[in-house]
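Below is one structure; the comments refer to it alone.
Taken together, the values in this text are just the output of simple stated rules run on the coordinates, not laboratory data. Model, not experiment: these values are computed from the prediction. Positions of Cβ are generated from backbone atoms using ideal geometry, with glycine treated the same way; all protein chains shown enter the neighbour counts.
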């Protein structure tokens, strides 16, 4: 699985918006500066997030962006889906739409299992979890082995 720059930037922008600010909007420039995200690219991402119902935008001198829901109610999966589409696809196709034959027949349940695990992790972690630094125990457990931190 590959996390694109667009998905990474979207999650980081959403996390910046998850920091409590007395319900004051945050300008795109401030988000871009805080997270070192190219401003024009961020504007496009924020527009997708607005259309996807994750952020609200306000115009004017005191305008900017706010989360549309509490950070506890927005999962990392929600953010990635809004800017990228399905969490796991194979050649741009969702796994249940695939079929294989012969020795490749077992690939389909493998891709389904992969999707299931990715969903379990990304749907189970909210913006509030990450912003607070308190990831769920099951996510932390996956990082406990030294092998998790090493590229084979």
### Query
Using a simple spin-label model with points 7 Å from Cα along the Cα→Cβ vector, what separation in nm is obtained for residue 139 and residue 2?
2.4 nm
### Query
What is the extension gain from residue 98 to residue 119, computed as 0.36 nm multiplied by their sequence separation minus the C-alpha to C-alpha distance, in nm to one decimal?
5.7 nm
### Query
Relative contact order, percent, of the chain when contacts are C-alpha pairs under 8 Å separated by at least 6 residues?
24 percent
### Task
Starting from the Cα gyration tensor of the stretch 53-152, take the square roots of the eigenvalues, sort them a ≥ b ≥ c, and report rounded, prolate or oblate (rounded when a/c is under 1.5, otherwise prolate if a/b is larger than b/c, else oblate).
oblate
### Query
How far, in degrees from 0 to 90, does helix 107-123 lean away from the longest principal axis of the Cα atoms of the chain, to the nearest 10?
30 degrees
### Query
Just 53, 124, 92 to compare: in a GNM of the chain, with alpha carbon springs under 10 Å, which one fluctuates most?
92
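If a/c stays under 1.5 just call it rounded; otherwise compare a/b with b/c (prolate if a/b is bigger, oblate if not). Do that for the stretch 109-151, with a ≥ b ≥ c from the square roots of the Cα gyration tensor eigenvalues.
On the way: a/c = 2.71, a/b = 1.22, b/c = 2.22.
Verdict is oblate for the stretch 109-151.
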### For the stretch 54-75 and the stretch 109-151, distance of Cα centres in Å
26 Å
### Message
Restricting things to Cα coordinates, could you compute the convex hull volume per residue of the stretch 1-96 in Å³?
### Response
102 Å³
### Query
For the Cα atoms of the chain, what angle does the longest principal axis make with the long axis of helix 39-51, in degrees from 0 to 90, nearest 10?
80 degrees
### Query
Say we join alpha carbon atoms closer than 10 Å with springs in a Gaussian network model of the chain; which of 77, 30, 104 then has the biggest fluctuation?
104
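Sum -39500 (n - 2.57) across every DSSP H segment of at least 4 residues in the chain, then divide by the residue count to get the 222 nm mean residue ellipticity, nearest 500.
Values: 7 runs with 73 residues, N = 152.
Mean residue ellipticity at 222 nm (helix-derived): -14500 deg cm²/dmol.
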